[in-house]
1. Build a GNM of the chain with springs between Cα atoms under 10 Å: which of Gly61, Gly296, Gly255 gets the top mean-square fluctuation?
2. Want the number for Trp298 to Glu207: 0.36 nm per residue separation, take away the alpha-carbon distance, what's left?
3. If you average over every viewing direction, what projected area does the convex hull of the Cα atoms of the range 1-143 give, in nm²?
4. Choose one of Phe219, Ala21, Cys119: the residue whose Cα lies farthest towards the positive end of the charge dipole of the chain (beta-carbon charges +1 Lys, Arg; -1 Asp, Glu; about the Cα centre).
5. When Lys and Arg each count +1 and Asp and Glu each count -1, what net charge do the other residues less than 13 Å away from Ala292, Cβ to Cβ, add up to?
6. Spin-label point model (7 Å from Cα, Cβ direction): what's the Lys198 to Ala94 distance in nm?
7. Around Thr214, what is the net charge, scoring Lys/Arg as +1 and Asp/Glu as -1 over all other residues with Cβ under 12 Å from its Cβ?
8. Using a Gaussian network model of the chain whose springs link C-alpha atoms within less than 10 Å, name the residue from Ala134, Ala304, Ala283 with the highest mean-square fluctuation.
Amino acid sequence: MNENKRRAIIIDTDPGVDDAASLFWVLTNPQFDIKAITIANGNVSLDQCAINALKILEAAGQSHIPVYIGAPDPLLRPTVDAAWVHGNDGLGDAGFPTPRVLATPGYAPAEMARIAAECGDITILALAPLTNVALAVRLDPDFKKHVKEILFMGGAVRVPGNESPAASFNPAVDPDAARIVYRSGIPVVQLGLDVCDKVREMPEDFEKLAAAHTPVTDFILRMLAFIRSKARRVYTDESGQVTGVDAVQDSAGVGLNDLTATAYLIEPGWFKTRALYIDIDTAGLCPGQTVADFRGMWGKQPNALWAYDVDARALVDRWVADICAYRPV
């Protein structure tokens, strides 16, 4: 394939089981020129997320892609993680070996701005809290001129949140960063829970991965064992009384949310979208809530494409096919 026709992308991520599944999917598709993987704090600690990205690249035979470490904390708030669903190491506590390569020297927001300026027309696949992207916006006033669009896995408009009643995890971790990005002038495609909740990877899909028995499918299935059987989050009230439990029911499928955002990169035609002005609540009951102005009451031009529907089966079938067909070089 002609190098000039490959789409230049940066993947900003916090691996994460679903991040890993998504990274593998992009790595199987030669139409993308992955300029860098930038690491944000989110699902687990920053350093662990970097190690996980290096493990994923090594398993895929693509350790040449640079990995830059970014901001260790949200801009203004304490760090939040999601180890309950990803395991303490972020990859299902599966005991994958230590990667043989190290992260590349450089600060992720600065490298993101540099690469965008060099490319002039880059897409950012944002699978993590938007801290690094917001810092790049603040570091380089011209950054927004060089970014074609940001595909953001986050938000909840007409569905409940998964980190609070109205906010999804990524914008809830760093709502201040999300607000900076949404107000930056860079086009955002919001691929949040409105579509993620419609996509499930079923046991029969994992059976196909098992039958392929490649280094990548074996990695994915080993990693997913935790989320399919052990992931459990307990909610309590102020007195300590249990009020609810989140747990994966494997027979009902697994929701690997980051796959849905990655799917838009691979085939936008699977999605239905609507242009809206969306802002981020930073001070209400649910910081990180993505507030969509459906009636134009704020009088502002749309700053985002809100994805509200998806061909879920086509998405999952393509992911399974691409992953099963891939053989690391």
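1. Gly296
2. Working: separation 91, 0.36 × 91 = 32.76 nm, distance 4.91 nm.
Roughly 27.9 nm would be gained on extension.
3. Working: hull surface 33.1 nm².
So the mean shadow area of the Cα hull is 8.3 nm².
4. Working it through, the farthest residue towards the positive pole turns out to be Cys119.
5. Details: positive: Arg158, Arg274, Arg295, Lys300; negative: Asp194, Asp279, Asp281, Asp293.
Every neighbour counted, the sum reads 0.
6. With each label placed 7 Å out from Cα toward Cβ, I get 2.9 nm.
7. Values: positive: Lys208, Arg327; negative: Asp218, Asp322.
Overall, the nearby charge balance is 0.
8. Judging by the Gaussian network model, the answer is Ala283.
Values quoted throughout were computed directly from the atomic coordinates according to the rules given, and no laboratory measurement underlies them. Just so you know, these numbers come straight off a predicted model, no measurement behind them. Here the Cβ is made from the backbone with ideal geometry for all residues, glycine too, and neighbour counts use every protein chain on show.
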